[in-house]
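**Student:** The structure that follows is given in the form of structure tokens.
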Amino acid sequence: MKTEIFWMREALAEAESAADAGEVPVGAIVLLDGEVIGRGQNRVLRDLDPTAHAEIVAMRAAARHRNNYRLTGCELYVTLEPCAMCAGAMIHARIQRLVYAAADPKAGAAGSVLEVLNHPRLNHQMLITGGVLGEPSGELLRQFFRQRREASSDPQA
């Protein structure tokens, strides 16, 4: 049986591909019964789409695979704690379980900043596991933003 670490490495590979394309390095996968049915990475810049976060891209692919926007029984692995938009989409899709790597102290909606997921007044609750490969995921993000800051302050660039 494949572990949470195995699946988070799959999401990290998506994040690394996003970074290679100049996007914020966040990656996601959707699993159903131990099979990847959706993959996503941030595509905001490439698609000129403010909703093209990794989680949304992965859930769109999974919904097409299932021919149903409801993703009941599915798990979503993502390298960064979801924002409010992605959390709302996960609730609407009825994701069964969220596994995320790094917490997001600026926009996290699974408890870091907001409690969108599993809010007691909502009709859908999901299992949440945070911190799986949190350090490598966080380091990938820190490195990406460090390089962007350095490039923007370089007068030769």
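The values are calculated or read from the model by the stated rules, or taken from the named source; none is laboratory data. Just so you know, these numbers come straight off a predicted model, no measurement behind them. Don't worry about glycine lacking a Cβ; one is built from the backbone with ideal geometry, like all the others, and counts go over all protein chains shown. Just the protein is used for accessible areas: all its heavy atoms, side chains included, with ligands, DNA and RNA removed. Shrake-Rupley method; radii C 1.70, N 1.55, O 1.52, S 1.80 Å.
**Student:** Quick one: check the C-alpha center-to-center distance for the range 1-58 versus the range 88-130, whole angstrom.
**Tutor:** Between the Cα centres of the range 1-58 and the range 88-130 lies a distance of 17 Å.
**Student:** For the pair E115 and E150, how long in nm is the line joining their label points, each one 7 Å along Cα→Cβ?
**Tutor:** 4.1
**Student:** Provide the solvent-accessible area of R39, counting protein heavy atoms only and rolling a 1.4 Å probe, rounded to the nearest 10 Å².
**Tutor:** 100
**Student:** So what's the net charge close to S17: Lys and Arg +1, Asp and Glu -1, counting the other residues with Cβ under 14 Å from its Cβ?
**Tutor:** Working: positive: R9, R39, R43, R46; negative: E10, E14, E16, D20, E23.
Summing Lys and Arg as +1 and Asp and Glu as -1 gives -1.
**Student:** Fully extended, how many nm does the chain gain between R64 and H124 (0.36 nm per residue separation, minus their Cα-Cα distance)? If you can, show how the numbers build up before the last one.
**Tutor:** Working: separation 60, 0.36 × 60 = 21.60 nm, distance 2.18 nm.
Full-extension gain reported as 19.4 nm.
**Student:** Heavy-atom accessible area of H65 with all protein chains present, probe 1.4 Å, nearest 10 Å²?
**Tutor:** My reading of the accessible area for H65 is about 110 Å².
**Student:** Quick one: accessible surface of D33, probe radius 1.4 Å, all protein chains present, in square angstrom to the nearest 10.
**Tutor:** 140
**Student:** Run the numbers on the chain and let me know its relative contact order in percent, using alpha-carbon pairs under 8 Å that are six or more apart.
**Tutor:** Here the relative contact order equals 18 percent.
**Student:** Okay, next question. 5 Å is the cut-off here: which amide hydrogens, built 1.01 Å from N in the peptide plane, fall below it relative to L98, excluding neighbours closer than 5 in sequence?
**Tutor:** So L98 has HN proximity to L76, L127, I128, T129.
**Student:** Any chance you could run the full-extension gain for R142 through L48? It's 0.36 nm times the residue separation minus the Cα-Cα distance, nm to one decimal.
**Tutor:** Details: separation 94, 0.36 × 94 = 33.84 nm, distance 2.35 nm.
That works out to 31.5 nm of additional length.
**Student:** Right, here's the next one. Given R₀ = 25 Å, what would the calculated FRET efficiency be for T3 paired with E35, taking r from the Cβ atoms and rounding to 0.05?
**Tutor:** Working: r = 15 Å, r/R0 = 0.61.
Approximately 0.95, to the nearest 0.05.
**Student:** Follow-up question, since we're still on this one. Which sequence of S153, S17 reflects their accessible areas, 1.4 Å probe, from the largest down?
**Tutor:** Details: S153 85, S17 55 Å².
Final ranking, largest accessible area leading: S153, S17.
**Student:** Where the eigenvalues come from the Cα gyration tensor of the range 29-157, what are the semi-axes √(5λ) of the equivalent ellipsoid, largest first, in whole Å?
**Tutor:** Values: eigenvalues 149, 58, 36 Å².
Those come to 27, 17, 13 Å.
**Student:** Any chance you could give the angle, 0 to 90 degrees and rounded to 10, that helix 134-153 forms with the longest Cα principal axis of the chain?
**Tutor:** Helix 134-153 and the main axis of the chain meet at about 40 degrees.
**Student:** Based on Cβ point charges of +1 for Lys and Arg and -1 for Asp and Glu, what charge dipole magnitude is obtained for the range 59-157 about its Cα centre, in debye rounded to the nearest 20? The partial results should precede the final answer.
**Tutor:** Numbers: 12 positive and 8 negative charges, 97 e Å.
Rounded to the nearest 20 debye, it is 460 debye.
**Student:** Go through M8, M1 and list them by solvent-accessible area, largest first, probe radius 1.4 Å. It would help to have the intermediate numbers written out before the result.
**Tutor:** On the way: M8 0, M1 225 Å².
Reading off the accessible areas and sorting them downward yields M1, M8.
**Student:** Taking a 1.4 Å probe, which of Y69, Y77 shows the most accessible area, and what order do the others take after it?
**Tutor:** Details: Y69 120, Y77 5 Å².
Heavy-atom accessible area, descending, gives Y69, Y77.
**Student:** Could you do me a favour and compute the accessible area per residue for the range 1-140, 1.4 Å probe, result in Å²?
**Tutor:** Details: 6740 Å² over 140 residues.
For the range 1-140, the solvent-accessible area averages 48 Å² per residue.
**Student:** Let me ask something additional. Measure nothing but the geometry: give the 0 to 90° angle between the long axis through the Cα atoms of 84-93 and the longest principal axis through the Cα atoms of the chain, rounded to 10°.
**Tutor:** Here the helix axis deviates by roughly 30 degrees.
**Student:** Per the 1.4 Å probe, what fraction of the accessible area of the chain, in percent, lies on carbon and sulfur atoms?
**Tutor:** Whole-percent figure for carbon plus sulfur exposure: 52.
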